[in-house]
Every structure is written in C-alpha cells, then in structure tokens.
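The values are calculated or read from the model by the stated rules, or taken from the named source; none is laboratory data. Quantities reported herein were computed from a predicted structural model and do not represent experimental measurements. Ideal geometry is used to build each Cβ from the backbone, glycine not excepted, and the neighbour counts take in all protein chains shown.
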Amino acid sequence: MTGMSFASVNIRNARILVVDDNRVNRHLLVAVLQRGGFPNVGMAEDGIDALAKIEEVAPDLILLDLMMPRMDGFEVCRQVRANPARRDLPILVQSSLSSSDDRKHAFSAGATDFVTKPINATELLSRVRIHLENQALLRDLQGYRSRRQTELALARSMQERLLPPPARLAQARADLGLSLSAHFEPSSELGGDFWDLRRDDRDRLIVWLVDFSGHGVGAALNTFRLHAILRQMDLTNFDPAEHLREVNERVCPLLRNGQFATMLVGVVDQANDTFHYASAGAPAPMMWQPGDETPEFGDSSGLPVGILASARYENRDLALPLGGRLFLYSDGASELWTSDDTVLGEEGLLEIVQGQMHHPDDNRFLDGVLNSLAALGSFNDDVTALVLTR
Amino acid sequence: MSAVMSPSTPVADPETRQIGIFDCLILVVDDTEFNRTLITAMLRQAGFLRIQHAVDGIDALKKIGDELPDLVILDIVMPGLDGFEVCRHLRADPRFSDLPVLVQTALSNTEDRNKAFQLGTTDLITKPIDRNELLARVRIHLENRVLIQDLQLYRARLESELGMAREMYNHLLPTPALFDQISRDSGVRIRHHTAVSSELGGDLWGIIPPSDRRFGLYLLDMTGTGVSAALNAFRMHTVLHELAHLAGDPSRFLGEVNVRAVDLFESGERVSVIYGVVDSAIGTFTYATAASGRPILLQCGNVVAELGDSDGASVGESAASAFPAHVLQFGPGARLLLYNNAVAAALPVECISLAPEALAELAAPALRSPTLVEACARVTSALARVVGDRPREDMTLIFLAKDALPSPRTR
C-alpha cells in the first residue's frame, strides 16, 4: 500500500472485479476504471456472484460494495480471506454508509481499504493504483523468494549429505569404543563449514573440521571442492601435517584471492592415548579428562589453507587417555556476538564449556553448550561443534 | 540456532504477521498539540511502542532525515511548510520514495484529497480521527512495509550471494591469456559463445594443458539447474583438474572421472561430458564422450560437416561404464564445433537424436567463413534464428580452428 513509483511494474493488465448490486453504480465504476487506464474490468452483481467470478478467474483487486442482497460485502471479505492464497488480495470496500461501525467491521472482516460513496474518481484511481502496484511488487518478491527457497533447499540437502551419515558415526562408535556427537548449522541456507570422519589404514579415526571464509552459496561451493579433494586423497600412513600440506597445495590454485579456509585434522591414536593433529589456523581444540576443572587448549596456530601454496604445517599432540574428551568447534561458536556487543572469544567459550563439561553424555554436553551460546547472542556465522569421548 | 531468515511458508499467518509492527517507528506530524496527543494515545493503547512527534513541516523533514520512520501520519494545514509540501519533498527524495505517508483530511474536502494523492500520499485518514480507522490503516501499511522489507532483504542477500558465486564460476573458465598461449604453441584458435541466463547452472568447460603441442578440452553439462547443479559442476571441475595427470588419454581420463563421480554424486545426479585432446603435431582430435552432443567437424575445403561419435553413458551413472576413444582428423584449416545439451535440446527436431545432424547442417555453411570470429558469429546467429528465445538454459558453443597457413603466428 505504500506509494511506490515502480515504473517497471505493469499494472495496466491487472484484472479488477467490481461488485455492486446497483447496475448504474457498476457501470459507472467500470467506466471510471477503464478511463483511468484499466481495461480489464469484470463485474458481479452480488456476493454469491462475486465469489463465483473470483473462483473462475482470480482478480488482482476487488472493488466491493457492502450492502447487497443474498450475500453482503462483509461476508465476501471473510470468505475471500479464508483462502490462504487470497490473503493479500487487495479488497477496496465502497459504501455510502460512512459510519465508524461499518468501517470497523469492514476492516475486521479483511478489507484492505475503504472508499466512500459517492465515488471520487481521482481518489478511487489513486487507491486502485497504489494497491495494484504494491500487490505486483509483493508478488514479484514472493515469487523470487519461493523460487530461491526451493533451489536452496535442494542445495542444502546436498550439503548435509557431505557430512558423515548417522550410520557412519554409529559404526565408528561401535568399532572404536568411542562416543561422538556433532552439530552443524549454517547461518543461512548454505554455509562454508564442513566436517568429516574416516578411518585410516590402521583403523584409527581421522577427524576433519573445515571453515571456509565467507558464508552462503560461495562458501558452500568451496566446501564441495574441498570435499572432492579429500575424497581423492590417500589416507595410508596418515600424517596430519603432511595431509594439510597436500590439501593446501591442491586447494591454492582453485581459490580466488581472499578466499581461504581454516582447518583442523587429527587422528585419534588410541594406542598412544593421544589426539595427533595439525591445524591451519583453526580455533584451538579443547581437551579434558575426568576430574579436570577446566579444559586445556591445544595449540592451533598455522596458516589457513588457500593462502600460500608452499605453506608447511606442524604435528601436535594432546593427551587423550581413556575417559578423555575432545571438543572441536568452528569460529562461529567462539566469535559469537553477545547481546552486549562484544565477541565471546575462546576464553568466553571455555567458560561455557566449563559449565557443561560434567555432562557425561555427549549429546547433552553439546546441547548445553549450544543453548548457552544461543542465550548469549545470535549466531551470524556457520557453527559446527563436535565432541568426542574416549 | 535458527537461520537468520527462516525459510518458512511464504506468507505468515495473520497473527505472526503482526509481530514486528509494534516496534515500528511512527512519526505524528501535527501543529496542534491536542491532535498529537490524541493520535499518540490511540496508537499507544493499541500497542505501538515507538511514536515520535513533529510540530510542523520543517520539524517533520528534520526528524525524518535524522531517523527514518516506518510510517508518517501527516496533517495538511500547518504553518510554514504544510503537509502537501512535506509530501512533495519526501517523494522527490529516493530515500523516502516508499515511506508510507498517511494524510489527515476532512472527508468533504475533495480537492485536498485529490491533491494529496497527486503528491504521492499513500493513504488518507478522515478527520475527525476515528480510532478504528486510524488503527486499521496504520496496521495495514506497517504490516505491508514489514513484509516487503523482509522480502527485499531476502532478495538483496540472495542476489549478493549468487553474484559472488557467479564470479567464482567465471573464475573457473579459461582466460584469454590461455587462448593466446595455445594459439602460439599449437596454432589452434579457440572461441566460445555462451548465452547465459542469470541463473547459476551446471554447465562448464575448460582446458587442461598436458604438454605444449597438445591440450585437453572438456565441456560438461550437469543434470539439474540452479545452485545444486553448480555445486556439482564445481566438484567436477575439481575432479577434472585433480586428474590432470591422466588427461593425455581421453578414454582413461573419462573412465577415472566417472569412478570419482559415482562416488561423489547422489543417485540420479549425472553429468554429460565430452573430453578431447587436440594434438596439433599430428593433426588429430582424440576424444571420448559421456552422453554428450556429437562433435561437428568441417574439414578444410569441404561443404558438408562430419559428425563424430557419442557412445558413452553419462558420467556418474555406473562405475563400470567405459568411454571408448575416437579420433577426428583435425589438420590445417579444419574447424571443430562442440556444444552442450541445451543447444541440442533447443533445436526444433522431432527427436533429440536428430539434433546433431540438424545442427551440423545449420552450422556447416557458417563454419566455412574466412575467419573463426566470423564463423562463430554466423553459427550463433543462425542458431538464434532457429531457436528464437526458446532456450531457458545456458547454451555453450565452443569453436576450434586449426590454422590453415604453415606459420601458426599469422592470423
């Protein structure tokens, strides 16, 4: 209803339905509309007739009289609005009765606007134009959104399928005697986070956590490329630092300037009670054991992948004895903007983890952490979090 | 953890649609204190939380400039700048062109009402103010504004995301510098024509340079459309370049690409591919196909174009598929045309299998043009005449010409 001047919106072909039981009025209104540049005007002579005509060909706007035999305008309003598809159809009510009660009833029955009899042609045409332009704009925007939503929902399901399916998690839990839970939530339909889980040739569990710069469609395109590379890499004699070096070398030529990813890859070495890992600028992993009061941060410095093809990475170890727990996360969790406009930071996240680390169940731990985060502020980046318990 | 804008039903129900309007900023412009107080009381009682006042037209424009309201309720008769002037100023400024302005007028004053509409007012409220009418109109305009702003925000965000993705896509395509290098090294000139829709899609072509007098060229066409097809095209691009060490052998190369694709794709996802190696030393185009269009070749001096083979299954269909290699003579003066499936699909033929013949017949006279630039232009315009504006998908045509003259440097 806003008075927008959208020259591109073509309202001349709009179909208008004039509903009035008085023949003279009907023809007068049609004449006014046609002279005003709306050739496509239909007529109905009462409420019943109006509903039938609306079913036949849906109009873009209804000009509705209130007092009519058989079915009055209030009822027509209610019945039109009962159809969800017609919730936004503009209904201009016209009546000679200018009482406040009538207006109140018309609006609450679903009228969009009100014109008073006797009809003032200039005002009528202005209102019709405003409503039609608004309607056309709304339809255009809604059409755009619904097309994109369908398109992105499909892409989103593809992205979810990049992640390890529940069966693979269950298999790893059963085979290795580990427990493991993960959470993945892009900030919009698609995101630049990615994580994966595989076994190397010695049946050790390898975990990847990747976070591409940016979010949305562009970042998702990059996760698909990285996923394709990881699928082609040889995992025998797995060495995290060497693996990162190779990934980086292969990713560098693909990415545009300014695009990069932080990445952490590690292997759960149960024979040596360690998490053996390398990091390309990922957030610092947290590790704790039963009885600990606070988690320990692992060193995660390293150049993000995609920046320098010759980058080298370092292998590091965190002690992971039986009962030990490992918490990995993307910076969407640690760089949360809290409601008092500060960034939470790794230390802030540490405090939250401290509050939840006593939950023995991985799912409950993760839920606890994520709920605490959600209570502090809103996520404006993709969030991935993963907890593993030996 | 919900997304910034949750992709729920396109239109929220009436209850939830009202959420958000009570936080909207409403500016009440009236020189009479009594009227300001009255309108404000009505709005507050209905739940509106943010109401500002302006005491005349000048004050109104200043307040609107300071903080953009979501709706203005405007009196007409005011000292200094009247309501008409305020309206005129607002509509002349693109920042305020869609700001809802509700003008208060007496019902009987037809002249004022018409003038208000002519100046771009959004709606009129009849004086004396009736509570129900005021609230109904304010609600309708604010709901509409919130809804439209929400949709506009969504569209702006998506367009920026897709624009960025499109740039990434363009970055995958071969550069003019690479064409120049190939032309210098092997005397083969390359041109391409892409009729792009604004959408992202699953079409892609590129060059893999194995060695200096040979280079590989692929053209692929994913099933599906939009972002999901683009996601797959991007990963195919990665796979093709990861397997560059096999690129000298089209049959083996496509076979290996297929094995990787079967691993990566979901059931139903397929890609048609033609991959060939141009060997300018011996003058051949050795290629393998996966459900692609048959290559079209015009030998130097010939009038009729010949068609190559297309016998492989789609890539991604079965890991057991084989992609036999075929050879076309591509000696001096020869011209080669590759095209994606959208081109074949757009041709008005009874059966899609007849499309390559139809295209070869249509393209042959144009391919004989003296220069490749001309050949490319004539083929595309001949195609446009036949296809019209029917194609909705991106059409890609790739033209290769082996220099007719002995020196590869002359052009």
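Remarks
- Among the residues of the stretch B:226-239, the ones that are more than 7 Å from every other protein chain (Cβ to nearest Cβ) and within 14 Å of A:R231 (Cβ to Cβ) come to 2 in all.
- Residue identified as surrounded by 24 or more Cβ atoms within 10 Å (Cβ to Cβ) and away from chain A (no Cβ under 14 Å) among B:P250, B:P324: B:P250
- Residue identified as surrounded by fewer than 16 Cβ atoms within 10 Å (Cβ to Cβ), farther than 25 Å from B:D130 by Cβ and of a type in the set (D, E, K, R) among A:E160, A:E151, A:E133: A:E160
- Number of residues in the stretch A:54-83 that are charged (D, E, K, R) and under 21 Å from A:L125 (Cα atoms) equals 2.
- Pick from the stretch A:252-270, criterion in contact (Cβ under 8 Å) with a residue 24 or more places away in the chain and in a loop (DSSP other than H, G, I, E, B), ranking: farthest from B:H241 (Cα to Cα): A:Q270
- Restricted to the stretch B:74-101, and to residues there that are more than 10 Å from chain A (Cβ to nearest Cβ) and in a strand (DSSP E or B), the residue that is surrounded by the fewest Cβ atoms within 10 Å (Cβ to Cβ) is B:D75.
- Which listed residue is of a type in the set (A, V, I, L, M, F, W, C), under 27 Å from the mean Cα position of the chain (by Cα) and buried (at least 21 other Cβ atoms within 10 Å of the Cβ), from B:L347, B:L367, B:L338: B:L338
- Conditions (1) within 24 Å of A:Q232 (Cβ to Cβ); (2) at pLDDT 95 or above; (3) away from chain A (no Cβ under 14 Å); (4) buried (at least 24 other Cβ atoms within 10 Å of the Cβ); number of the one not met by B:S292: (2)
- Of A:A170, A:A182, all but one fail to be surrounded by fewer than 24 Cβ atoms within 10 Å (Cβ to Cβ), more than 20 Å from A:R316 (Cβ to Cβ), more than 8 Å from every other protein chain (Cβ to nearest Cβ) and in contact with a helix residue (DSSP H, G or I) (Cβ under 9 Å, 6 or more places away or on another chain); the exception is A:A182.
- The stretch B:113-136 - residue that is within 14 Å of A:T116 (Cβ to Cβ) and more than 7 Å from chain A (Cβ to nearest Cβ) and, of those, surrounded by the fewest Cβ atoms within 10 Å (Cβ to Cβ): B:K127
- Residue check: A:P118 meets all listed conditions (1) out of contact with any helix residue (DSSP H, G or I) (no Cβ under 7 Å at 6 or more places or on another chain); (2) closer than 22 Å to A:L29 by Cβ; (3) facing chain B (nearest Cβ under 7 Å) but one, namely (3).
- When each of B:F96, B:F117 is tested for being closer than 21 Å to A:E123 by Cα and aromatic (F, W, Y), the lone residue that passes is B:F117.
- Filtering the stretch B:102-112 to residues that are more than 9 Å from chain A (Cβ to nearest Cβ) and not hydrophobic (A, V, I, L, M, F, W, C) leaves B:Q104, B:T105, B:S108, B:N109, B:E111, B:D112.
- Any hit, the stretch B:156-166, residues being in contact with a Leu (Cβ under 9 Å, 6 or more places away or on another chain), facing chain A (nearest Cβ under 7 Å) and not aliphatic (A, V, I, L, M): yes
- Residue within the stretch A:84-104 that is of a type in the set (S, T, N, Q), under 38 Å from the mean Cα position of the chain (by Cα) and more than 11 Å from every other protein chain (Cβ to nearest Cβ) present: no
- Residue in the stretch A:233-251 that is more than 28 Å from A:L318 (Cβ to Cβ) and not acidic (D, E) present: no
- For A:H243, the criteria (1) farther than 30 Å from A:L370 by Cα; (2) assigned to a helix (DSSP H, G or I); (3) facing chain B (nearest Cβ under 10 Å) hold in every case but one, which is (3).
- Considering each residue of the stretch A:185-193 in turn, at least one proves to be in a strand (DSSP E or B), farther than 22 Å from B:G201 by Cα and within 13 Å of another protein chain (Cβ to nearest Cβ).
- Extreme residue, farthest from B:P324 (Cα to Cα), among residues of the stretch B:282-313 that are in contact with a Phe, Trp or Tyr (Cβ under 6 Å, 6 or more places away or on another chain) and in a loop (DSSP other than H, G, I, E, B): B:G283
- Test: residue in the stretch A:207-217 that is assigned to a helix (DSSP H, G or I), touching a residue at least 60 places away in the same chain (Cβ under 8 Å), closer than 27 Å to A:L370 by Cα and of a type in the set (A, V, I, L, M, F, W, C): yes
Rundown of residues vs (1) at pLDDT 90 or above; (2) buried (at least 22 other Cβ atoms within 10 Å of the Cβ), yes/no style:
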position	(1), (2)
B:D150	yes, no
B:R166	no, no
B:V188	yes, yes
B:R213	no, no
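Every residue, every condition in (1) assigned to a helix (DSSP H, G or I); (2) within 14 Å of chain B (Cβ to nearest Cβ); (3) not hydrophobic (A, V, I, L, M, F, W, C), yes or no:
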{"site": "A:Y277", "(1), (2), (3)": "no, no, yes"}
{"site": "A:A284", "(1), (2), (3)": "no, no, no"}
{"site": "A:M287", "(1), (2), (3)": "no, no, no"}
{"site": "A:G302", "(1), (2), (3)": "no, no, yes"}
{"site": "A:E314", "(1), (2), (3)": "no, no, yes"}
{"site": "A:P321", "(1), (2), (3)": "no, no, yes"}
{"site": "A:N380", "(1), (2), (3)": "no, yes, yes"}
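- Search result, residues across the stretch A:135-166 that are among the polar types (S, T, N, Q), in contact (Cβ under 8 Å) with a residue 60 or more places away in the chain and within 9 Å of chain B (Cβ to nearest Cβ): A:Q159
- Odd one out for B:P370, checked against (1) closer than 28 Å to B:R214 by Cβ; (2) at pLDDT 90 or above: (2)
- For B:G206, the conditions (1) assigned to a strand (DSSP E or B); (2) modelled with pLDDT under 90; (3) within 14 Å of chain A (Cβ to nearest Cβ) all hold with the exception of (2).
- Only residues that are within 26 Å of A:L370 (Cβ to Cβ), touching a residue at least 24 places away in the same chain (Cβ under 8 Å) and not aliphatic (A, V, I, L, M) were counted across the stretch A:293-347, and they come to 20.
- Counting only residues that are among the hydrophobic types (A, V, I, L, M, F, W, C), assigned to a helix (DSSP H, G or I) and closer than 22 Å to B:R145 by Cβ, the stretch B:23-66 holds 6 of them.
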